[in-house]
Structures are given as C-alpha cells and as structure tokens.
1. Among the residues in segment 228-241, are any closer than 18 Å to ALA29 by Cβ and either out of contact with any strand residue (DSSP E or B) (no Cβ under 8 Å at 6 or more places or on another chain) or not in a loop (DSSP other than H, G, I, E, B) (or both)?
2. Give me the pairs: first residue in segment 174-187 and in contact (Cβ under 8 Å) with a residue 60 or more places away in the chain, second residue β-branched (Val, Ile, Thr), beta-carbon distance under 7 Å, and six or more apart or on different chains, which are they?
3. For MET256, state whether it is within 24 Å of GLY16 (Cβ to Cβ) and surrounded by fewer than 12 Cβ atoms within 10 Å (Cβ to Cβ).
4. I need the full set of residues from segment 28-64 which are among the charged types (D, E, K, R) and within 19 Å of VAL98 (Cα to Cα), in order please.
5. For segment 204-224, does any single residue satisfy the condition of being outside any helix (DSSP H, G or I), in contact with a strand residue (DSSP E or B) (Cβ under 8 Å, 6 or more places away or on another chain), surrounded by 12 or more Cβ atoms within 10 Å (Cβ to Cβ) and without any contact (Cβ under 8 Å) to a residue 24 or more places away in the chain?
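Quick note: the coordinates plus some simple rules give every number you see, no bench work behind them. Since the structure is predicted, the reported quantities are computational estimates derived from the model, not experimental observations. We place every Cβ from the backbone using ideal geometry, glycine too, and count neighbours over all the protein chains shown.
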Amino acid sequence: MMGKSHALSGAVGWLGGCAGLVAAGHPVAPLSIVAGAAVASGFALLPDIDHPSSTVSRTLGPITRLISQGVSAGAAAFGKATCDHCERRPGQGGHRLVTHTVPFAILVFLLTALAGRYGGVTASIVIVGFAVWLATHSALRSHTRAEIVDALIPGQVRGKRARKFTAALGSIIAATAIAFAVHHFAEPGASWWWVGIAAGWGTLAHTLGDSITHWGSPLFWPARIRGCTWRTVGTPKWMRFRAGGPVERWLMVPGMALIGLGAAYLLLAPVARGYFG
C-alpha cells in the first residue's frame, strides 16, 4: 500500500482497539487514545525505510535516503545469505524483507516499550514527536506544510528551496506541538510502556497492509514455508490488489477513514461533552 494508506491503517487500528476496550468495560485515557493513534500512524511508515523512494526515506532528504539505501542493501545481502533461492522481483533490492516481518514489529514494540517504561514521559515525548513528524510527511503534501508555515509567518516563503525548508519546518512544528501537548496532559509518574504497543502495532499494520497487495510480505520469517524462509504470504490472490490502484484509493482508504472517524467519535465525543459542558 501507499504511505497515506499505511499511516491511516495504523491510526484506525489503534482507535478501533481502544473502542473495543471501552466497549468491554476497560476505560482508556483520552491522552492514550490520541497519542497512541499518532504513534501508530507514524510507525506504520517505518518498515518502508528499506525502500529509497518511500515517504519515510524522503523525510530528511539525502540523510534518510542514505540510511534507506544502507538498510535496503543490508536487507538484500541478509536475505540472500539466509535463503539464496527465494524468488525476488527484478530491482526489488532489500524491499519487503526483514522490516516487513512479525519479528521486526516485535523488536520495535520491545524497544519503544522499554524506552517508555524506563525513560518515562521524556522518552515518550520523543517517540510521539518522531511519529508525528513521520505521519505529517504522509498526511500532508510538502506544499501544504509550506503553506501552513507561510500562514504563520506571512511573506517568508519564497522560492523552491525555501518551500522545501518550510515544508520540513511544518512537520517539526506539528511534532513539537503534539509533544508539548503530551507533556502538558501527562500524569506525573505514569508509566508509558504502552507506547510500545502503539509503535509495534503501527509497524505490524504496515506489513499486514502489504500482505493484501499482489506481492504480499514475508510475515512469518524465519519460519520455512515451502522450503523458503522469505516466502511472502497474504490473503488469497483473488482478494489482493495493486498498491496505489483504484481498490486502495476508492475502497480501502475511504472505508478505513469512516471506521476511524466513527471510532474517534465514540471515544472522544463523551470526553469533549464533559470538558466543554
């Protein structure tokens, strides 16, 4: 799937999970709902760091492209070393290998959960800010982010280079604003290990999303499937669709958006009514 769809799936999955908990009689704090959705949305872009043309690989220009090229080359070498007869697409490199597996999602969960548990609100603010920074690159076009900055600082955005700079600044402003909001509403001494669940879910949501496209994902690596550790799996082939195609754009995205809006309303409307009277 494309970047926007991945980011949306992460947020919608988190909101749906929170709605399920509330329906089962387990209340979820508003901060956990909002911050968790932001983290899941941003981390749903992370697995594509193995693709030099992906959204996440363009967030810091040549810096993230260089990182992405290194991850892609390393993943390709690791894939060949561990299973040299796996079927690969021409020019695929290291895309949809180790970062598109359940073990990678578990690793992300463990690292972020430990950071939230032992780093407290400070580490969690960094995680939330990083996720929002990633998510804004997917949700908002660079032109839109530049326009937001231009509205805040009228007349200061001039030329193509300036627009690129202000587009990045727009993402930083959004990430900083959400991070400050988290800091303001966070309960002193509260444990933030749960950000690992949001980050891990977002990472897994990406891989699950790619598993319903034509090529699937090696979800269950390192388990051997028909003699191959990197065998891609997914839904039945007749249920799969082309990434970025009409099924994704006109069916999957609107459907996920409606589910997400419905879940957000059910979760946050009572809070808003209580807050505003």
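1. No, that holds for no residue.
2. Within 7 Å, the pairs are ILE178/VAL128; ILE178/VAL132; VAL182/ILE125; VAL182/VAL128; HIS183/VAL121; HIS183/ILE125; ALA186/VAL121.
3. Details: within 24 Å of GLY16 (Cβ to Cβ): yes; surrounded by fewer than 12 Cβ atoms within 10 Å (Cβ to Cβ): no.
Answer is no for this residue.
4. So the first thing to find is which residues in segment 28-64 are among the charged types (D, E, K, R), and the list is 48, 50, 58.
Scanning segment 28-64 gives ASP48, ASP50.
5. no
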